[in-house]
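Notes follow once the structure below has been shown.
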Amino acid sequence: MDARIDLHSNPLAGQVLKYINSAGHAVGKSGLPMATQELVKLRASQINGCGFCTDMHFKDAVAAGETAQRLNLVAAWREATVFTEPERAALELAEEGTRIADAAGGVSDAAWANAAKHYSEDELVALVSIIAIINTYNRINVMVQQPAGAYEPGMFG
């Protein structure tokens with residue numbers, strides 16, 4: 001299976017992705033725990049049906065030391081006992097932020113208040129930003145039908 005557009009050889013795609021990646025690098029340096037970032041990226045990617053990003057963030061999380069048990073339970077985080085309260089709040093915000101079109105009013109006040117109990121203002125900015133960035137990547141990859149499975153941690157930088 002080939003992608004509809006080769007995002008790695010198209011000059012305009014390269015320019016656009018460079019700026020999205022720059023935003024991602026800023027979030028990566030924000031102080032928001034990397035485990036939380038990867039869990040959020042994985043959950044949003046699952047919801048959006050983005051095989052490429054699901055594969056990437058599963059593998060990146062494993063490379064960073066995340067356990068298979070926790071990664072396997074991300075899709076069922078509400079019933080799982082392996083996530084901290086801050087991680088659960090981040091996953092809730094990621095789900096509601098990803099499913100904006102499905103929920104009247106977008107992200108609920110309860111989900112926001114729960115996240116705000118666990119994260120500083122800067123961490124909330126990072127969390128909102130990483131949710132927006134991964135949703136952008138999910139949409140790009142789903143639209144161009146980017147194949148999944150060949151990603152290796154670190155291959156993009």
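A short reminder: the numbers here are calculations on the coordinates, not readings from a lab. As the structure is a computational prediction, the values presented were derived from the model and not from experiment. Neighbour counts run over all protein chains shown; Cβ positions are idealised from the backbone, glycine included.
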*Enter the angle in degrees (range 0 to 90, nearest 10) between the Cα long axis of helix 109-118 and the first principal axis of the Cα atoms of the chain, meaning the one along which they spread out most.*
90
*Mind ranking 62-72, 45-55, 112-122 by how tightly packed they are, going by the mean number of other C-beta atoms within 10 angstrom, highest first?*
45-55, 112-122, 62-72
*asked:* Going by Cα centres, segment 48-91 and segment 7-40 are how many Å apart?
replied: 18
*Can you tell me the 0 to 90 degree angle between the C-alpha axis of helix 51-63 and the longest principal axis of the chain, rounded to 10?*
70
*Going by alpha carbons, how many degrees (0 to 90, nearest 10) lie between the helix axis of 121-143 and the longest principal axis of the chain?*
40
*Would you mind classifying segment 1-65 by shape? Square roots of the alpha carbon gyration tensor eigenvalues, ordered a ≥ b ≥ c; an a/c under 1.5 is rounded, otherwise it is prolate if a/b is larger than b/c and oblate if not.*
oblate
*Under the Karplus relation 6.51 cos²θ - 1.76 cosθ + 1.60, θ = phi - 60°, what is the ordered set of whole-Hz ³J(HN,Hα) values for segment 16-26, x standing for Gly and Pro?*
4, 5, 4, 6, 5, 4, 4, 5, x, 5, 4
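Could you tell me which of rounded, prolate or oblate describes segment 69-156, using a ≥ b ≥ c as the square roots of the eigenvalues of the alpha-carbon gyration tensor, with rounded for a/c under 1.5 and, failing that, prolate when a/b is larger than b/c and oblate otherwise?
Note, shape of segment 69-156 comes out prolate.
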*asked:* Straight-line reach from Lys18: which lysines fall under 21 Å, measuring Cα to Cα and dropping same-chain residues less than 8 apart?
replied: Lys29, Lys41
_the chain: C-alpha gyration tensor shape, a/c 1.5 cut-off, then a/b vs b/c_ = prolate
